[in-house]
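The values are calculated or read from the model by the stated rules, or taken from the named source; none is laboratory data. Note that the structure is predicted; figures quoted are calculated from it, not measured. For neighbour counting, all protein chains shown are included, and Cβ atoms are generated from backbone atoms with ideal geometry for every residue, glycine included.
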Amino acid sequence: MLKKLISNTFTTPSNNTTKNTFKELWKISHLTNYDFLNLYNIPENFDIDCFYSFMKKNKITDVALKFSAEISEEYKTHLEAIVDEIIETESHEYRPPYIKFPGLDEEKITMNYIIFLFISVL
């Protein structure tokens, strides 16, 4: 059986998307039918809170998010808090995403990646 994949690289992070772009993305009902969702060079206007709400309901799709080098320190702090929550959670009832951005501690990158690869939904 072939795996279904969505992959997108944002080429000009600040110019080709709006916050509504991502809100509309999560409304696509068949999005959770994909095996993989990979997004690269994600801009700061990516609504991570809306996305994380979506992720906490996700039991199927493996999601990898790699953020742009242009995101602010404030946004990085917010992303790191989400990574910390993923790492500190003992039992995931959802498929935890892999989140990577410039400046994230290598140990946290590794722990998040291990969880992404090996944690199965209960």
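Residue 67 satisfies every condition listed in (1) in contact with a strand residue (DSSP E or B) (Cβ under 8 Å, 6 or more places away or on another chain); (2) modelled with pLDDT under 85 except (2). Checking the stretch 44-53 against the condition returns a match, with at least one residue being touching a residue at least 12 places away in the same chain (Cβ under 8 Å), farther than 20 Å from residue 119 by Cα and touching a His at 6+ places or on another chain (Cβ under 9 Å). Residues in the stretch 94-108 that are exposed (fewer than 15 other Cβ atoms within 10 Å of the Cβ) and in a helix (DSSP H, G or I): 106, 107.
Evaluating residue 74 against the criteria (1) at pLDDT 90 or above; (2) among the charged types (D, E, K, R); (3) part of a loop (DSSP other than H, G, I, E, B) leaves one unmet condition, (3). Looking across 91, 72, one residue alone is closer than 14 Å to residue 41 by Cα, surrounded by fewer than 14 Cβ atoms within 10 Å (Cβ to Cβ) and over 14 Å from the mean Cα position of the chain (by Cα). It is 72.
Do we find a residue being on the phi < 0 side of the Ramachandran plot, modelled with pLDDT of 90 or more and β-branched (Val, Ile, Thr) anywhere in the stretch 54-61?
no
The number of residues in the stretch 54-71 that are assigned to a helix (DSSP H, G or I) and either without any contact (Cβ under 8 Å) to a residue 12 or more places away in the chain or aromatic (Phe, Trp, Tyr) (or both) comes to 1.
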